[in-house]
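One structure below.
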């Protein structure tokens, strides 16, 4: 069913939920995230993320993008400047904001090439690394931090939306991640040149694929 409705109060349950999603705790609890801006919404849809609904600025009611969203059956709700800014917790206006379910995480089967994220603190750097990985065809990410959140605004922005098409496996430590990879036959392929002692980022491949079968952008 397609909805077309204006929301005029921040007490509306959909607004309350969206405001919760600006925090890592809220995203982890609800397993949802905000997708900000037309470009990122398009990227999320292309990555087959499930968008529950879209908030848009009232002045964009006749926008072609809004019409496109509604034709796809995505519920669209019009908001004022003030409410939209409260949703995003910004002092500037983001005309379109989506609420999406977080991507499914990796189960028992991983791709033949994976990227391990270990103790990477800088969000912008992490986003760029994920973008490089996606350009190179790497989809699966293994994190040594079980609490990692890939949907901070800086990570999404610097990854150019590459996080939307990535899959994540959470581990509690580097040792657990390495044990997991060794059990499944992965071998170290390369580390990022900006890291030391394999901290930060490493790329692993299974023996069946062959380490020398493709050039890595991280070398």
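Rank the residues 118, 12, 6 as a footprinting-exposure proxy: fewest other Cβ atoms within 10 Å of their Cβ go first.
Values: 118 21, 12 15, 6 11.
So the ranking, lowest neighbour count to highest, is 6, 12, 118.
What ranking of 140, 111 emerges when the number of other C-beta atoms within 10 Å of each C-beta is taken as an exposure proxy, fewest first?
Working: 140 19, 111 15.
The most exposed by this proxy come first: 111, 140.
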Just to be sure I understand the curve: with the Debye formula and one point per C-alpha of segment 4-101, what is log10 I(q)/I(0) at q = 0.20, 0.22, 0.24 Å⁻¹? -0.97, -1.18, -1.41
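With 10 angstrom as the radius, rank 70, 49 by how many other C-beta atoms surround their C-beta, starting from the fewest. If you can, show how the numbers build up before the last one.
Details: 70 15, 49 19.
Taking fewest neighbouring Cβ atoms as first place, the list is 70, 49.
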Could you check what % of the DSSP bridge pairs in segment 4-101 are antiparallel, to the nearest 5? 55
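Just so you know, all these numbers are worked out from the coordinates, no wet-lab data involved. Computed from a prediction, not measured in an experiment: that's the story for all the values here. Every residue, glycine among them, receives a Cβ derived from its backbone with ideal geometry; neighbour counts consider all protein chains shown.
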